[in-house]
1. Of 73, 120, 114, which residue is touching a strand residue (DSSP E or B) at 6+ places or on another chain (Cβ under 7 Å), of a type in the set (Ser, Thr, Tyr) and surrounded by 18 or more Cβ atoms within 10 Å (Cβ to Cβ)?
2. Here are the criteria: (1) within 24 Å of residue 16 (Cβ to Cβ); (2) assigned to a helix (DSSP H, G or I). Tell me which single one residue 90 does not satisfy.
3. Tell me which residues, restricted to the stretch 130-179, are aromatic (Phe, Trp, Tyr) and closer than 14 Å to residue 105 by Cβ.
4. Quick check on the stretch 141-159. Is at least one of its residues assigned to a loop (DSSP other than H, G, I, E, B) and open to solvent by less than 40 Å² (accessible area, probe 1.4 Å)?
5. Is there a residue in the stretch 66-79 that is assigned to a loop (DSSP other than H, G, I, E, B) and either among the aliphatic types (A, V, I, L, M) or more than 23 Å from residue 17 (Cα to Cα) (or both)?
6. So in the stretch 29-63, with the set limited to residues that are open to solvent by 90 Å² or more (accessible area, probe 1.4 Å) and assigned to a loop (DSSP other than H, G, I, E, B), which one is nearest to residue 166 (Cα to Cα)?
7. Residue by residue through the stretch 76-109, note down the ones that are among the aliphatic types (A, V, I, L, M) and either open to solvent by 80 Å² or more (accessible area, probe 1.4 Å) or within 12 Å of the chain's Cα centre (by Cα) (or both).
Amino acid sequence: MEEKNVFLKGKKHEYFMWENIGDIKGGRGDLGEEMPVLVYRLMQYTMLDVLSKAHGLEQANEYFRQAGFLAGTEFAKHTLDLKVEFNTFIANLQKALQDLKIGILRMEAFDPDTGNIVLTVGQDLDCSGLPITNENVCNYDEGFIAGILEAYTGKKYNVREVDCWASGDRVCRFNGTVM
């Protein structure tokens, strides 16, 4: 029994590594790299349900932010050029998010003196089409955007969703402030 525990502690998938995403194209030759949003949301909202029951909704949302932050940081480091000037970076990010069908990103405001930013994401993967519940639900996206911004700028960001499809808006709006 002791040996098994030692083995489990060294599992390759215990901690996230970009390499663990694997060769999707090679592994899914007939099915391809895409899948329906339904499958993504099924995973997302069942995970939120399980975490909420175990830890409460507030803590579950924080776990989603943390996971989003890790994903955003790794996404930026592995798919975006972090050395280009700001407008090129935003344009590249817009293209990447649209190409991957995550959403349509728009920058509404940016203060170069403070680094504060307001972004919208239309047709958002997490919530577009959800019933209106008068709540903001894109906690994963908050972390994802914060991770991308920190990877690019080297500054810590607090990103919060202020408008959401689930709150009755038709785009998700995020305020990012440098901490």
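1. Matching residue, one of 73, 120, 114: 120.
2. Unmet for residue 90, out of (1) within 24 Å of residue 16 (Cβ to Cβ); (2) assigned to a helix (DSSP H, G or I): (1).
3. Selection gives 144, 152, 174.
4. No: the stretch 141-159 contains no residue that is assigned to a loop (DSSP other than H, G, I, E, B) and open to solvent by less than 40 Å² (accessible area, probe 1.4 Å).
5. The answer is no, given that none of the residues of the stretch 66-79 is assigned to a loop (DSSP other than H, G, I, E, B) and either among the aliphatic types (A, V, I, L, M) or more than 23 Å from residue 17 (Cα to Cα) (or both).
6. Within the stretch 29-63, the match that is nearest to residue 166 (Cα to Cα) is 35.
7. 76, 97, 100, 102
The values are calculated or read from the model by the stated rules, or taken from the named source; none is laboratory data. Model, not experiment: these values are computed from the prediction. For neighbour counting, all protein chains shown are included, and Cβ atoms are generated from backbone atoms with ideal geometry for every residue, glycine included. Quick note on the areas: whole protein, heavy atoms, side chains included, nothing else; ligands and nucleic acids left out. Shrake-Rupley method; radii C 1.70, N 1.55, O 1.52, S 1.80 Å.
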